[in-house]
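First comes the structure, then the notes that go with it.
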Amino acid sequence: MTLNEDSFTNWKHREEIAESMIPLIGKLHRERDVTVLLHSRSLVNKSVVSILKTHRFARQIAGVELSVTDTLPFLRALTTLDLGPSQIDIGMLAETYGADDRGLSVEEFTARSVAGATGANKIECREGRDVVLYGFGRIGRLVARLLIEKAGSGNGLRLRAIVVRGGAGRAAEDLVKRASLLRRDSIHGQFQGTITIDEATSTIVANGNEIRVIYADDPTSVDYTAYGIKDAILIDNTGKWRDREGLSKHLRPGIDKVVLTAPGKGDVPNIVHGVNHDTVKPEERILSCASCTTNAIVPPLKAMADEYGVLRGHVETVHSFTNDQNLLDNYHKSDRRGRSAPLNMVITETGAASAVARALPDLQAKITGSSIRVPVPDVSIAILNLQLARETTREEVLDYLREVSLTSPLKRQIDFTSAPDAVSNDFIGSRHASIVDAGATKVEGDNAILYLWYDNEFGYSCQVIRVVQYVSGVEYPTYPSPVA
């Protein structure tokens with residue numbers, strides 16, 4: 001057999017194994033609310049090729065020869081256990097099993113590693129939590145996709161309604177357009193599933209989820225209980241109100257909490273999941289998810305501060321253009337943003353640097369920032385220039401950040417790439433808050449410069465969902481537990 005024939009036979013064998021994993025992953029997800037991960041990447045609803053590619057990622061980043069032949073035994077072992085709602089990382093199970101010297105079988109090792117998800121210790125399924133989206137623009141539609149994707153997975157979030165302006169006298173036409181924008185996206189592709197509309201009830205039905213479309217120009221005019229909605233979390237995607245007084249307008253009958261997808265002002269807590277989400281008080285009813293850039297820089301900044309100490313820093317963001325800019329030169333209330341977004345690089349302000357202090361109050365270092373909008377529709381990069389409290393090397397920093405991205409409590413926020421030719425389009429659809437570009441990283445003495453890619457639309461939307469899950473009480477634990 002030639003080398004090419006051997007490679008092809010091996011590929012077909014791995015395809016067959018990946019195909020056998022799909023029903024096991026699906027059954028755990030549907031029947032036990034277990035989300036199967038591989039190095040923090042979900043394998044739920046993934047194709048054969050996607051499962052194989054995720055394993056390929058593990059070989060490239062984790063530096064271990066991880067294959068479906070390695071992870072399948074752990075997946076099979078999970079199906080024999082009495083599991084409760086949880087996230088279980090079979091990549092970490094396979095990797096740590098190889099380093100275990102207790103002579104346990106795969107079944108025994110798996111049972112011990114996920115003991116908190118089994119038997120009397122397991123979390124019981126909670127009643128679902130209603131969610132309302134106020135505004136249905138770029139972030140609103142991506143958050144909707146994520147909520148629909150997670151429906152019935154044990155995350156307990158049910159998208160019940162979206163609120164949009166206008167629609168009077170043209171509700172049917174408006175409904176068709178809203179559904180079409182949810183179904184197709186020029187950047188993020190087709191919606192994974194089916195979408196229909198019911199004009200009689202002003203409802204979008206997405207993968208069986210009935211989502212009521214409510215037309216209102218003023219949040220104080222809506223009584224959500226009239227639509228059967230109770231104790232809901234409302235996600236404001238408009239950014240029209242950013243302080244507590246304005247956001248309090250949403251606290252109507254049927255609404256329990258308000259989450260803003262923009263930086264909050266005044267005493268509104270700015271939350272970056274993975275960093276300070278555990279500071280949210282149970283009685284807090286209004287909070288902000290900060291900005292996409294704040295979410296991109298704060299987790300790696302925390303990681304660097306924890307390990308090396310940070311004396312001062314500057315962040316320069318090269319940001320994709322957004323809907324608040326003009327297609328062609330026209331009047332805009334902000335300086336420069338009135339100039340054509342797809343034709344120019346536009347210097348603008350960013351509040352991300354000042355927002356760091358709100359998410360990391362213990363960080364005493366002064367962080368400054370500036371931003372340039374550039375002619376790409378999605379994915380941005382933050383260049384984080386840090387003076388550290390001690391000298392280090394490039395190799396040490398990269399090894400540390402790679403490990404953070406794989407095993408630390410920040411592994412859902414920080415990703416890592418060593419691809420030599422990585423460009424912005426490669427990170428469309430990333431679910432992480434930011435991705436460390438190893439090839440671009442520069443370290444000399446006590447100075448470190450990190451290049452952090454981030455999908456400022458989808459990655460940020462994933463962070464929003466994580467915050468909503470946390471404040472809803474339906475964020476389930478991950479096993480094996482990340483290293484603190």
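So, G439, is that one surrounded by fewer than 24 Cβ atoms within 10 Å (Cβ to Cβ) and in a loop (DSSP other than H, G, I, E, B) or not?
So G439 does not fit the description; no.
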When segment 416-428 is checked residue by residue, the ones that are in contact with a Gly (Cβ under 9 Å, 6 or more places away or on another chain) and either closer than 18 Å to H273 by Cα or acidic (D, E) (or both) are D421
If a residue has to be more than 23 Å from the chain's Cα centre (by Cα) and closer than 15 Å to F136 by Cα to count, how many in segment 180-201 make the cut?
1
Among the residues in segment 294-311, are any more than 21 Å from the chain's Cα centre (by Cα) and assigned to a strand (DSSP E or B)?
yes
Subset of segment 354-376 [without any contact (Cβ under 8 Å) to a residue 40 or more places away in the chain and either farther than 21 Å from R242 by Cα or buried (at least 23 other Cβ atoms within 10 Å of the Cβ) (or both)]
D362, Q364
Of everything in segment 115-127, what is assigned to a helix (DSSP H, G or I) and of a type outside the set (A, V, I, L, M, F, W, C)? Give them in sequence order.
G116, G119, N121
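A quick yes/no check of all residues on (1) outside the structural domain of G135 (by TED's automatic domain parsing); (2) farther than 30 Å from S47 by Cα; (3) free of Cβ contacts under 8 Å to residues at least 24 places away in the same chain; (4) touching a Cys at 6+ places or on another chain (Cβ under 7 Å):
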residue: A179; (1), (2), (3), (4): no, no, no, no
residue: L182; (1), (2), (3), (4): no, no, no, no
residue: D185; (1), (2), (3), (4): no, no, no, no
residue: I197; (1), (2), (3), (4): no, no, yes, no
residue: A216; (1), (2), (3), (4): no, yes, no, no
residue: K249; (1), (2), (3), (4): no, yes, no, no
Filter result (at pLDDT 95 or above and basic (K, R)) within segment 253-282:
K257
Condition (residue is part of a helix (DSSP H, G or I), surrounded by fewer than 19 Cβ atoms within 10 Å (Cβ to Cβ) and at pLDDT below 85) applied to segment 98-112: is it met by at least one residue?
yes
Hey, does segment 337-349 have a residue that's touching a Gly at 6+ places or on another chain (Cβ under 7 Å) and assigned by TED's automatic domain parsing to the domain that holds R402?
no
Here are some conditions: (1) at pLDDT below 90; (2) assigned to a helix (DSSP H, G or I). T69 meets all but one. Which one does it not meet?
(1)
Checking the condition in a helix (DSSP H, G or I), of a type in the set (G, A, S) and out of contact with any Ser or Thr (no Cβ under 8 Å at 6 or more places or on another chain), which residue from A419, A357 passes?
A357
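Given the criterion crowded, with 16+ Cβ neighbours inside 10 Å and either of a type in the set (S, T, Y) or at positive phi (or both), identify the matching residue among V379, V397.
On the way: V397 fails: either of a type in the set (S, T, Y) or at positive phi (or both).
Going through V379, V397 in turn, just one is crowded, with 16+ Cβ neighbours inside 10 Å and either of a type in the set (S, T, Y) or at positive phi (or both): V379.
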On the basis of being outside any loop (DSSP other than H, G, I, E, B), modelled with pLDDT under 95 and of a type in the set (D, E, K, R), does E395 make the cut?
no
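The values are calculated or read from the model by the stated rules, or taken from the named source; none is laboratory data. Predicted model, so just to flag it, every value in this text is computed and none were measured. Methodologically, a virtual Cβ is constructed for each residue, glycine included, from the backbone with ideal geometry; neighbour enumeration extends over all protein chains shown.
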